[in-house]
Amino acid sequence: MINKRIFLQAVAAAAMVTAGMGSAIAADITGAGATFPFPIYAKWAEMYKAQTGTGLNYQSIGSSGGIRQIRAKTVAFGASDAPVPGADLDKDSMVQFPAIIGGTVPVFNLPGFGKGELRVTGPVLAEMFMGKISKWNDPKLAALNPGKKLPDTTITVVHRADGSGTTFNWTDYLATVSKDWLDTVGRGAAVKWPAPTSIGGKGNEGVAANVTRTTGALGYVEYAYAKKNNIAVMALQNKDGNYVMPGDDTFSAAAAGADWFSVPGMGLSIVNQPGAQAYPVTTASFILMYKDPANKAESAEVLKFFDWAFKNGKQAALDLDYVPLPDALTAQIRTRVWSQINNK
């Protein structure tokens, strides 16, 4: 097992160097978008370049930015955690496929409480993010944590300031478990955050940084960022009523029954899945590509990269607490999705 904190710092620095060199190396692949999968894409890129000499210039700018860049045709692929609807894919003549599975987690900063030492349900979490529960010692939260002396500290909600697939996934979950949230806030890559004490951060990195520096903070980040920054994570009640912690085993349990081709563009939401060990905010990150790309050679290189990653990147994904796609699913992606891309 690798030291994730040191590794993630190293790959972030390496990716910045790669991005700076990208325009000088014709064979490099260009992509942009979601910060959620950045740690594993950076690791795959490092491994792939060592084997093939082809680099990846990936801009971790958020899902909304990735969608804008692929639509502007400035990159060979876009990456988004919020799946693009099938009708929009058809309009843009694009395909979409999942590349990796992970989880979004509720992180907090409360002195005296560490990882998994506080429990929360989805409806109570929604009230916290709405500002209806504004103190850490609120009776509803205290009832879920008997025997714990919760402080009279104000909850500061930390959310994404940029358009974000992580936000879409998080609000998709809250809207699924709380009708109040669905009716007043809804789901989306960017929403109006109702809590009066709230601050924004750019990217998963920005949210993690603000939670770390703010006593009483409550936020949401992709799990690798919580581990990288050693931020406490709350145990979350799943659909079966069990309190579970995030990890590749609980993410796998949630994704086990997913029928990806039941939704146009494979844009399936897998939040709040049944299962004793299923983590309730398990999500996929998606890749967007044109069916008839302008740069066919680079588009072909993108498919070579993900083909290699699907075959050779499983352990690297697990080491960073992501879940690699099953072989049966990647085989279907090759035959049913990639076959629609004209790279000749």
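Spatially, the stretch 79-110 and the stretch 245-321 are offset by 9 Å when compared through their Cα centroids.
Report the far tail of the P(r) of the stretch 104-256, meaning the percent of Cα-Cα pairs longer than 24 Å. Counting pairs separated by more than 24 Å, the tail of P(r) holds 25 percent. Per-residue packing, averaged as other Cβ atoms within 10 Å, sorts the ranges 216-226, 32-42, 52-62 into the order 32-42, 216-226, 52-62, beginning with the highest. Of all the options Gln237, Gln273, Gln332, the one that moves most in a Gaussian network model of the chain with Cα springs shorter than 10 angstrom is Gln332. Run the paramagnetic zone check for Leu182: 7 angstrom along Cα to Cβ, then residues of the stretch 105-143 with backbone nitrogen under 14 Å. Backbone N within reach: 123. Report which label in (i) 19.7, 61; (ii) 19.7, 65; (iii) 19.2, 55 holds the value of Rg and Dmax of the Cα atoms in Å derived from the coordinates of this structure. The listed entry that was calculated here is (ii). Relative contact order of the stretch 211-317: 19 percent, from C-alpha pairs under 8 Å at least 6 residues apart in sequence.
Other residues whose C-beta falls under 10 angstrom from the C-beta of Ala82 contribute a net charge of -1, scoring Lys and Arg +1 and Asp and Glu -1. Taking Pro106, Pro280, Pro326 as the candidate residues, the one with maximal mean-square fluctuation in a Gaussian network model of the chain, Cα springs under 10 Å, is Pro326. Once the Cα-Cα distance is subtracted from the 0.36 nm per residue extended length, the Asn295 to Ser134 segment shows a gain of 52.8 nm.
Long hydrophobic helices in the chain, taken as whole DSSP H segments with a C-alpha length of 30 Å or more on their own axis and mean Kyte-Doolittle hydropathy at least -0.5, are absent. Under a GNM of the chain (C-alpha, springs under 10 Å), which listed residue has the highest mean-square fluctuation: Ser63, Ser198, Ser164? Highest fluctuation of the listed residues: Ser198. Which entries in Lys43/Lys91; Lys135/Lys179; Lys73/Lys227; Lys43/Lys132; Lys43/Lys135; Lys43/Lys179 show an alpha-carbon gap greater than 29 Å? Pairs exceeding 29 Å: Lys43/Lys91; Lys73/Lys227; Lys43/Lys132; Lys43/Lys135; Lys43/Lys179. Here Asn312 and Asn343 are evaluated by their C-beta separation; at R0 = 30 Å the FRET efficiency comes out at 0.90. Amide H contacts for Ala190 (H built 1.01 Å from N in the peptide plane; partners 5 or more residues away or on another chain; cut-off under 5 Å): Ser164.
Rule-based calculations on the coordinates, nothing more; no lab input. In this text the structure is predicted, and so the values were computed from the model without any measurement. Cβ sites come from the backbone with ideal geometry, for glycine too, and all protein chains shown count toward neighbours.
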